Structures are given as structure tokens and as C-alpha cells.
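The structure under discussion appears below in the form of C-alpha cells.
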Amino acid sequence: MATDAHKLQFKKLIASVTISLLTLLYLYILYFSISNGLEVYTFGFFLSIPFLFLIVKYPKLWIFSVLVLFVPILIVRDVGVSVFEVLFSVVSLGGLLYFFFYKLVIEKKTIIHNYGDLFILSFFILIPFNIFFAAANNVEILRWFREIFVIMLILYYFPIREYFKTEKEFKLLLAITAILSAITIIISLLIFRERVLQEAVYVLEVVKSKLPNQTLFTATIFTSIVFFLYQKKTSIRFCLLILAGIATLALVVTYTRTNWIIVVVEIFALFFLIQKKERLSLLVVLFFASSLITFTSLVIFKDNAKLFFRILEARLESSSQMREDKSIASRLAEYPTVFRGIKENPLWGNGFAKKIKFLDPIHVRNLEGEIIHNGYAFFIYRGGIPMALLYFAFFFYYTFKSLSLTFKASEPFAKSLALSSLLIFVSLIFANLTGPQFIHREGIFTILITIPMVDFASSKRNGNQIPKIR
């Protein structure tokens, strides 16, 4: 009893000290912001204060708040730091740091359950050293922090796994995620529609109006289809059918041929991973998605519908003529600079947020770019080989774990989680060849939800006990 009382007093002391330090931090930020004319960011910072109380009292609501705030982050792609980004940063990063502090220091519990956890935490232990190499390569420190912050969001799978342990809780999490994905898709389509109707005078302008978030759309397609196959309730199946349809339409208007090909190939492979009864359901989904795309396109684009379908046809034709595609030539032009940087700094990299300079063969001019159109080269170039291998090991660990569970799981819910996770991970592996999917906002959002899906499927198969690392 005395020991429990001492523990309670210690926890109260830690909470008091933490609140005091946060108060001093807020006061300092307020003074700094006002004295430097940054009141708008101060507003976003202080707007986030109520959310910090959720972290302590209602952790599930805190996680839901972070997921909700992801929607404007995914849709609005400001070049500078917006108020939304400040609010999102404080709520998400502050909550994440508190979670790890509370689990490791106060509760003194292990958070490492498997080798995937070990790999990703080792990666983040090395992250602070990267800032020195970034500074040595003239990287703006603010940009470095901004990129690292996005990568850190993947750690949210730890609190999700910790606080959503029952099937009822996890289904609620998936339902909220599905609703937020649907909202993101619908808003994105409406924005795209306005751009097309107002600005699409030339075909090229429509292509330039393409949507981002293709990784999220692809993941939504796979998850909706797989859960539709194993779901028995008609109302839920209908909602999944609608979600799969609008996600497919959204993916189509991204004009991203890589993801188009991935979806087609993986759906073909899905026929061999499911039973005969599920194959019939899959055909129903495909027919409905095709019909919805045609109908919605006619409604959304109206007089520009013919133009829309003509562009799609042109993009599909160019997919079969890869060598003649100028965009591919431009991306390949990045490689000499990237490989040169890797050769010069193979172990520690050139620093995250490091830009590359290359000769653009299309316009025959020197360009400076932030994105390397190969996610594997991206991590090696910026983080070095050791850090890249740790991140890749983490990702492939969960990929093979989902593969194993797909064949071992027999319960419908666990099977749905494992199979949809496998399709998502495989899509990311191949899409990462043409862009850094592991660092894009939508890629991070997708991964931080998919990993708990794999762990929950594993826990159901092991009697709701998360297996510990051996």
C-alpha cells in the first residue's frame, strides 16, 4: 500500500512539473512570437492547448483529434508554415512525446514488441545526428525539422496499438479512418472539379490540376474491397462499395499511372488469394466502381467529360510507351546527382531536406528539386545507408508479417486486416520506386494506420495478446 501511495505521489509530482514546464514554454513562445510579429502562429499554438488535456485524460479522443486534423493537412499543401500546421504539430508531436515519456519514465513499460519496433526506434535514435550533416550541407534547419516532423508521425502506431486493443475499439478506429478518408476524397474531388470547370481551357491545364494523395486513395481502394469481401452486414457492404467507388474515381483523376498499374495488377493477384465465393463479390465491386466512375465523371465534368476521358486515354497510351515519356526522362536526370551524393556521403547521408540540382532534359535548364523520384534512393541520399536500412527493415518486417498472417488467419476480421495490409504494403513498395512514399503525408498516414492493422490481426490470432520480441 505504501509503495502504491509513493507511486501515486511520484506521478502527481511528474505531472505538476510537466505542466509547469509547459506553462513556461507557452509563455516564452508567446513573448517570442509577439516580439517577432508572428501572432498568427501564436494563435495556432494556443488553439492547441485544449487538445493537450486530451492526451492525459482521454487518449483515444486525442488520437481521433490527430486523425481529424490530418484531413486539412492532406488537402491543403501550403508552401509555408500555416496555422493548421502549427496546430497539428503541437497536438500530434506534443502528444507523441508525452506518450513515450509517460510509458518509459512513469510507467516504465517496454514499448518494443517485435523487431519492427526495434528497427524504427533505432532509426529515430540516429535522427538527431543527421542535423549536423544537414547543416554542413547548407540545409535550412527549419526545413530539416519540418521534414523530420512528418517522418516522426509514423510513430503514432505505438499509441494506436496501445489504446485500441479490443475488436470493438479497433473497428471504431477503422470506421473513423474510413469516414475521414471519404471526406478527404470528396473534398479533393470537389476542388478538382472547380479547377477543371474554371481553368481547363487546354488539355495540359487539366493534367496540371491532378490530385495528390494517390497513396491514400490506393490504400482506401484495397481496404474497402477486402473488407467488402468478408463483411456480412448489407449496410456496411454498401458503404464499403461507395467508398471503393469514389476512391477509384479519385485515383483515376490523379493521373498517376504507377498507382493505376499497381491497383490493376494487385486486384488481378487478389483473385488467386481469395475463395470462389469472394471472387464473385470482387467482380461486383469492379463493375460498380467502373459504373460509378463513368456516371460521376459525366456529372462532375459535364461538358468537359469528353476531354476528361481523352486525357485518360492519352495517359494510358503513354504508359505503354515509357521510353518516349518526357517525364520519365526528367526523373532519370536526377539519378547522376543523387548517386554522386550517395557516393560522397554513404554512411551519414547529406541531411534530410537536402535539395538536389540537376539538368532538366525537357527544358534544358538547371533545376533544384526537393523530391527525389525514387523513395529508396531518397532515404539513402539524405539519411545514409545505415539509417535507410533500418527504415527499410522496419517496413519489410511488417510486409512479411502481413504476408504470413494472410495465409494463417482464418477469422474474417483478422483475414481482412492482414490481406488489406499486405496489398497496401506491396503497393507502397512498388510506388516507392517512382516517388518517396515513405515520407509523403499521405504515405505516413497510410502506414501509421496499416501497421496497427497487422499487429491487431496478429493479436487476434494469438488470443488478443500482442507477442513480445524474443
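The values are calculated or read from the model by the stated rules, or taken from the named source; none is laboratory data. Being a predicted model, the structure only gives us computed values, none of them experimental. Using ideal geometry, Cβ is built from the backbone for each residue, glycine included, and neighbour counts are taken over all protein chains shown. Ligands, DNA and RNA are stripped out before the accessible areas are found, and what is left, the full protein with its side chains, is counted by its heavy atoms. Shrake-Rupley method; radii C 1.70, N 1.55, O 1.52, S 1.80 Å.
Remarks
- Label-point separation in nm, residue 126 to residue 261, each point 7 Å along Cα→Cβ: 3.1
- Take the Cβ atoms of residue 232 and residue 60, set R0 to 35 Å, and the FRET efficiency comes out at 0.85.
- Heavy-atom accessible area with a 1.4 Å probe sorts 143, 331, 340, largest first, into 340, 331, 143.
- The range 395-400 - phi-based ³J(HN,Hα) in whole Hz, Karplus 6.51/-1.76/1.60, Gly and Pro as x: 5, 6, 4, 6, 5, 5
- Atom-type composition of the exposed protein surface of the range 372-467 places 67 percent of the accessible area on carbon and sulfur (1.4 angstrom probe).
- Modelled FRET efficiency - R0 30 Å, residue 103 with residue 430, Cβ distances, 0.05 increments: 0.30
- Three-way shape call for the range 330-447 based on the alpha-carbon gyration tensor, with the a/c threshold at 1.5: prolate
- In this rough spin-label picture, where each label sits 7 Å from Cα along the Cβ direction, the residue 138-residue 179 distance is 5.0 nm.
- Charged neighbours of residue 345, selected by a Cβ distance under 12 Å, balance to +3 (K, R count +1; D, E count -1).
- Of 60/171; 108/408; 57/415, pairs whose Cα-Cα distance is over 25 Å: 108/408; 57/415
- In this calculation the C-beta distance from residue 340 to residue 191 is compared with R0 = 45 Å, giving a FRET efficiency of 0.70.
- Rounded if a/c under 1.5, otherwise prolate or oblate - the range 69-191, Cα gyration tensor axes: oblate
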